[in-house]
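Beneath this line is the structure, given in structure tokens, with notes to follow.
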Amino acid sequence: MALPNAYAQYNNNKILTASPAELTLMLYDGAIKFCNIAISAVENSDVPKAHENIMKVQKIIDYLRQTLDMKYAVAQDFENIYSYLSKRLVEANVKKDKEILEEVNMHLRSVRDTWKEVMRINRGKGNN
């Protein structure tokens with residue numbers, strides 16, 4: 001029983017010590033994870049599980065939208081992406097549509113990978 005508690009403590013510490021950029025990356029990873037679970041649930045005709053996980057992805061996207069600082073021009077680009085993903089998630093949830101979820105997942109992975117690259121570049125700048 002100590003092992004699950006140790007893992008939970010590790011994850012808690014990981015979140016508490018993460019930078020804002022790392023927290024954003026964790027949110028993207030979570031959204032991708034829940035989208036994958038939703039895709040699997042749709043494939044298995046598990047409607048409640050699909051709904052629950054699509055809602056988790058929607059909540060993460062909503063949170064990311066709320067944290068945008070619109071004084072930066074790039075924030076509008078993210079707003080457009082998040083708005084589109086939100087609309088597609090609603091449609092996927094209503095229809096329990098695997099293809100829409102796969103499209104959303106593809107976009108989430110692309111944004112996450114871009115975010116990781118920006119973090120890598122910024123880390124390199126910090127060492128100069």
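The values are calculated or read from the model by the stated rules, or taken from the named source; none is laboratory data. Note that the structure is a prediction, hence the values are computed from the model and not measured. Counting neighbours? That spans all protein chains shown, and the Cβs are built from the backbone with ideal geometry, glycine included. Protein only, heavy atoms only, side chains kept; ligands, DNA and RNA dropped before computing areas. Shrake-Rupley method; radii C 1.70, N 1.55, O 1.52, S 1.80 Å.
Using a Gaussian network model on the chain with a 10 Å cutoff between Cα atoms, which of SER19, SER40, SER86 fluctuates the most? With Cα springs under 10 Å in the chain, the top fluctuation among SER19, SER40, SER86 is at SER19.
Computed from point charges on the beta carbon alone (+1 for Lys and Arg, -1 for Asp and Glu), the dipole magnitude for the stretch 4-70 about its Cα centre is near 100 Debye.
In the context of the full protein assembly, ILE15 retains an accessible surface of approximately 90 Å², using a probe radius of 1.4 Å and ignoring ligands and nucleic acids. Potential lengthening of the chain between VAL47 and GLU91 amounts to 14.4 nm, from the contour at 0.36 nm per residue minus the alpha-carbon distance. Mind checking which helices in the chain clear 27 Å along their axis (Cα) and have mean Kyte-Doolittle hydropathy of 0.0 or more, DSSP H runs only? Correct list, ordered by number: 20-43. Taking a straight Cα-Cα cut-off under 16 Å and skipping sequence neighbours fewer than 8 places away in the same chain, the lysines within cross-link reach of LYS59 are LYS33, LYS49, LYS87. Taking Cα centre as origin and charging only the Cβ of basic (Lys, Arg, +1) and acidic (Asp, Glu, -1) residues, the dipole magnitude of the chain rounds to 320 debye.
Please build a GNM for the chain, connecting alpha carbons under 10 Å apart, and tell me which residue among GLU117, GLU91, GLU52 fluctuates the most. Among GLU117, GLU91, GLU52, the largest mean-square fluctuation in the Gaussian network model of the chain belongs to GLU117.
Here is the list for the stretch 51-122: chymotrypsin sites (Phe, Trp or Tyr not before Pro) lying in DSSP coil, each with at most 12 other C-beta atoms within 10 angstrom of its C-beta, are TYR72. Surface analysis of the chain yields an accessible area of 65 Å² per residue, using protein heavy atoms and a 1.4 Å probe.
Remark on the stretch 48-122: ratio of C-alpha radius of gyration to 2.2 N^0.38 Å is 1.17. Of the solvent-accessible surface of the chain, computed with a 1.4 Å probe over protein heavy atoms with every protein chain present, carbon and sulfur atoms account for 57 percent. Taking Kirkwood radius over Cα pairs in Å as the quantity of interest, determine which of (1) 14.8; (2) 17.8; (3) 15.9 was computed from the displayed structure. From the options (1) 14.8; (2) 17.8; (3) 15.9, the structure gives (3).
For VAL74, project a label point 7 Å along Cα to C-beta. Then give me every residue of the stretch 103-122 with its amide nitrogen under 16 Å of that point. Under 16 Å, as judged by backbone N against the label point of VAL74, lie 110-122 of the stretch 103-122. Size check on the stretch 16-61: the Cα extents along the three principal axes, sorted descending, read 38, 15, 14 Å.
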